[in-house]
Amino acid sequence: MHRKVILELDPALLKMMGYQDLLSKIEYIEGMDTFKIETHSASESGICKVKLRRGINFRDLEPVTTALGMTIEPLGDKDGIFVCFFKAKLEDRAAELLKSINADLIYSLPFYLSEEKVILSFFGDNENIKLFLNTLNNFGINFKVVSLQKPSQENTLSSLTERQKEILTTAKNRGYYDPPRKVSSQELANHFGISTATLLEHLRKAETKVIDSLFVPV
C-alpha cells in the first residue's frame, strides 16, 4: 500500500545541511507547488516562500548563498514574504544521507525549514517508507511522524487539466518515471513543442494534484 508521510525532523539536520548561517538571516523557507528534491544529484530546487529576518535584504544573503552554492532569486513579495526561485546543492553530509536512501519515493509538500522546525513530506510504499526511516535512524536524525495518510478511492486524474493529463500520461508511457529514465524532460518538451521549463511546470503541478488526490487523513 502506498502512503503519504509527513515528518518533523530534528532541526540539528540544518547544521548537517550547512544552513545554519542562512537561517540566521531568514525566518523560514517554505516549499510551494513546484518544489522538488533530486535524490540522484543531491539537490533541491523550486519555487518557495521566503521570509527574511528584520533588517535583512537579499544583498545580505549573497555571501552565504554563494558559499553554499545556492541561488535564491526573488520573483515578487507581499507583506514581507517573498516568492523566490530556490536551488541548492546539499552539503557533503546531507548529500551522503540523501544518496544513501535507495528508496523509491516522491517528495511532496509541505516542505518547511526554519531554525525551530524542519518538515519533510514524501509518498511511497510501506517497504520504501521503512527504508527511508531506517536510514534517518542510521544517521542519528531524530524525527516525528506528523501524518500518515492512506489512499482514497477517488479518480486520481480527475483534478488535472486536459493538458496536464496528456503530459503526465505521455511521460509515464514513455518511461520518464522508470528507473533509469528512458526519456528526458528535454525530449518530452520537444515532443510537445514547448520549453523544458514549461514541461517541468506542467509535470510538477500534475504530480502535486495526483498525490494530493490519492490521500485522505487516517
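The values are calculated or read from the model by the stated rules, or taken from the named source; none is laboratory data. None of the values given here were measured: they were computed from a predicted structure. Here the Cβ positions follow ideal geometry from the backbone for every residue, glycine too, while neighbour counts run over all protein chains shown.
Table for the structure above
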{"quantity": "Residue match in region 57-64 (condition: in contact with a strand residue (DSSP E or B) (Cβ under 7 Å, 6 or more places away or on another chain) and not hydrophobic (A, V, I, L, M, F, W, C))", "calculated": "no"}
{"quantity": "Tally, over region 151-169, of residues that are modelled with pLDDT under 70 and surrounded by 14 or more Cβ atoms within 10 Å (Cβ to Cβ)", "calculated": "3"}
{"quantity": "Selected residue (only one of E91, E127 is modelled with pLDDT of 80 or more and among the acidic types (D, E))", "calculated": "E127"}
